[in-house]
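Only the coordinates and a few stated rules stand behind these numbers; no lab work does. Please read all numbers here as calculations on a predicted model, not as lab measurements. Note: ideal-geometry Cβ built from the backbone for every residue, glycine included; neighbour counts use all protein chains shown.
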Amino acid sequence: MRIARRNYLCAFVFALISLPARSQQSAFQSGDGQTSIYLGTGGAAATFNSADTKVSIGYLNRHSEKWRLWGYEVYAKASSGITTVFSSKLKIPEGGGDFIFGWHPTGSGASTGGTGRPLKDAEPSSTKDQWAIIDVGYSRSAFYASDVAQPPSSAKRYFDRFRLVGVWNRKFSDNVLFGFAAGAERRNNLDDLTPITFETTVLSAPSGGTTSIVKTQAGFLGNYREYIAAPIYTDLLFILPSKITVPGFGYHVAIDGYTRSDVAAPNRSADGGIGVFLTKKGAVTRPVGGLSASWNGGKVRVAFVASYNF
Amino acid sequence: MATKKPATPVVLSDKRALTFIANVQTPANAVHLFLNGKAIDMGQDGDTWSGKEPRAVGDHVDILFTVNGFDGDDWAMTVSIDCPDAAVKILSKKGTVGQPGGHGFGKTVMLAPDPCSQS
């Protein structure tokens, strides 16, 4: 059954990557896969971090001389796989999509240096830029959660996640990018529940015997609930000067200082963290991998993040 | 009494209409290309930006190319003339943001009387 599910996932992934594709969110992510940096120039992407493995594909409609842009992204998250090597957290399968539309002022970029006309040769072009995006998303996941002992079939639940997030990215120079995202998202409290295993006895041990046959199902124990969160994310990305590279590989280095907050009661929280990423030679906003460490209430969480653009 | 000069035919322009093809490869966040001061609208497909527009030009075309990217982003651009048989490349250039000339350049390219004869 597990093999069949994996084959289905592989087929889905290969079907996705055969499409013309551009992902929207960057791979400058915290360990929970969140970011406020939307670069919109990457190809179809596979992003792996300690929290999940996500394969995404999308389309971006953008023109150099038009302010408006729009696009979409569909993604799938694995329920298992190599992420379990790095984290004992139970992963649940999730699939969904995002639609984005936004504004990227052509006059704020290098074209006019803010003068409103083409630059002459001697004039320095602007290194500043900015763009704003609205991200509307939906995803669905399935899992098993209960606060009492009961058969897995009775504990199975589906969760519909909705999100509406506004994003603003501001490029201050060739080395500094600021990202801000705020919105609303329907979430659940699975992170607060205890990972457990449901066991259903299929064949009881014969009298005098000690061996029985049980069927197991991974799930969660606790009082499951859903709520509306008000996430506010910020990222301050520093691209180190391009002459600083990793010897032998040529990778550039980027440092992402971030905050991840939820300002809605009763799940108000605030995380802070820092990520160090290696990025592609010649494409400094394309991370190939990185480490991200976050702090929340004295607890430190370290996550490994890797990305591959098809 | 002033005599009125006979009207002479005025040549408004010795320009011809050529279709230019622009192609840029870069991960930068914004690129812009101007031919004779007017921007060519290029559509983005991942790291590829491309556009195709006609221009009335004389014996030369002024090309202005600008890139807004991050320190270390590479770019490569070409401008070609669309001809019946094959496009004729008139300019090709590479650079890296953060290096001298890495944010773009301006250049005047002289055009042959019949650019398509070179295809």
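Tabulated values for the structure
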| item | result |
| --- | --- |
| Net charge dipole size for chain B [Lys, Arg +1 and Asp, Glu -1 on Cβ; Debye, nearest 20] | 700 debye |
| Residues A:I244 and A:L291, FRET efficiency given R0 of 25 Å [Cβ-Cβ distance, rounded to 0.05] | 0.90 |
| Paramagnetic reach from A:S153 (point 7 Å along Cα→Cβ, amide N under 20 Å) across region A:207-230 | A:213-220 |
| Relative contact order, percent, chain B [alpha-carbon distance under 8 Å, six or more residues apart] | 27 percent |
| Among A:S294, A:V202, A:H252 - extreme Cα towards positive end, dipole of region A:173-310, charges at beta-carbon | A:H252 |
| Taking A:R268, A:R163, A:R170 and counting other C-beta atoms within 10 Å, the order from fewest to most | A:R268, A:R170, A:R163 |
| Exceeding the 31 Å Cα-Cα cut-off - candidates A:K91/A:K299; A:K54/B:K52; A:K243/B:K52; A:K54/B:K93; A:K91/A:K281; A:K280/B:K89 | A:K54/B:K52; A:K243/B:K52; A:K54/B:K93; A:K91/A:K281 |
| B:T48/A:R268 FRET efficiency (R0 56 Å; Cβ-Cβ; nearest 0.05) | 0.80 |
| Dipole axis of region B:16-112 (+1 Lys, Arg; -1 Asp, Glu on Cβ), positive-most option in B:T66, B:A28, B:I90 | B:I90 |
| Average beta carbon contacts from partner chains per residue of B:39-48, 10 Å cutoff | 6 |
| Extension gain (nm, one decimal) between A:A205 and A:F99, 0.36 nm per residue minus Cα-Cα | 32.8 nm |
